[in-house]
């Protein structure tokens, strides 16, 4: 009877296996996903990537934050823009003459006004870029400064009016404007101050950012070019607070710089396998490991620490990587560092993390043996318990 029990147990187990779908679970099994698919693209080809060791040869490049800057993208060093009139702007025009009885002022007998001047109705710069001035005709105004327009009107009236002088001021500004959009308290289209305004001044006029500077990115678009910089960098570096030009677009969006920590890490305030905020403008690899809770003393391999990111082709070429087999300009890259080497901690303190990086700490190879031994021990204990139960059941039968 006892000899038949193992065989009976195997038969019973085999009978239950088809009913595994009745067991609790969190979702479909891999067999179900593969079996029920009606269409798709399946491949065993892995994604090609570049592997770069963080060493004394490469740290000179990797220690630089490699941040995109406004000063580098828009290198115009003028103190402020020269503001010109544009189509749609509305101008106030006043014409003065030296004596009564001129073209625009009545004679003494008609009761001349003191000052001998006339204010024309506000004039809009039309689609042809001109304004109309009586007895001067259409005067080109678009792409000219106000003093240049004044001189042009005077030249047209010099032979008709009595020593004419012209004063022009901007009534409404519609051409020299800047759009400030996104996560600001009062987004909109703002007229650009004629004395020139820097980026932070425009952000302030738009009500200021809704979120902290460390969590806000500023995107500046100008003449088909675009750059994206963290707001805190603009605040701390005066060189990034550049002068704004007419028709620039400033877009602010809320996005805290973060990295993802995976693998053999100690538990921390964020938990395992977490997306962790930088909380600072620049973050080093050693700081990232510390934020993630540090390496697990019983699980991690300090010699196998990796940072995953998509790297620019030109940057990898500077490092000496052969990029000819890669098609895209953003190349999958894995950076590797060995913390078993005493200099590894120094290198990790210089390596600059970037937002959306993935930090992965590999398990030590011996962990797999621990897992195997645990499985064997658990299996042996289970078999021992089953045999003990079988003997207890069979004893009365004998």
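Structural remarks
- Separation in nanometres of the label points that stand 7 Å from Cα toward Cβ, at residue 87 and residue 61: 4.8
- Contour excess over end-to-end distance, with Cα ends at residue 297 and residue 33 and 0.36 nm allotted per residue: 91.3 nm
- Neighbour-count ranking [beta-carbon atoms within 10 angstrom, fewest first] of 281, 317, 240: 317, 281, 240
- When the square roots of the Cα gyration tensor eigenvalues are ordered a ≥ b ≥ c, the ratio a/c for segment 90-172 is 1.5 or more and a/b exceeds b/c, which makes its shape prolate.
- Counting neighbouring beta carbons within 10 Å and listing from fewest to most, the residues 36, 217 come out as 36, 217.
- Segment 202-328: C-alpha gyration tensor shape, a/c 1.5 cut-off, then a/b vs b/c: oblate
- Modelled label positions at residue 340 and residue 317, each set 7 Å beyond Cα in the direction of Cβ, lie 3.6 nm from each other.
- Segment residue 239..residue 154, full-extension length gain: 26.4 nm, with 0.36 nm per residue of separation and the alpha-carbon distance subtracted.
- Under conditions of 10 °C and 1.306 mPa s, segment 202-268 yields 115 µm² s⁻¹ as its translational diffusion coefficient, taking Rh as the Kirkwood radius over Cα pairs in the Stokes-Einstein equation.
- In plain terms, the residue of 348, 63 with the fewest other Cβ atoms within 10 Å comes first and the most crowded comes last, giving 63, 348.
- Spatial separation of Cα centroids for segment 284-363 and segment 131-146, in angstrom: 63
- Extending 7 Å from the Cα toward the beta-carbon at both residue 71 and residue 132 defines two label points whose distance is 5.1 nm.
Coordinate-derived values only; no laboratory data. Fair warning: this is a prediction, and the values are worked out from it, not measured in the lab. Positions of Cβ are backbone-derived with ideal geometry, glycine not excepted, and every protein chain shown enters the neighbour counts.
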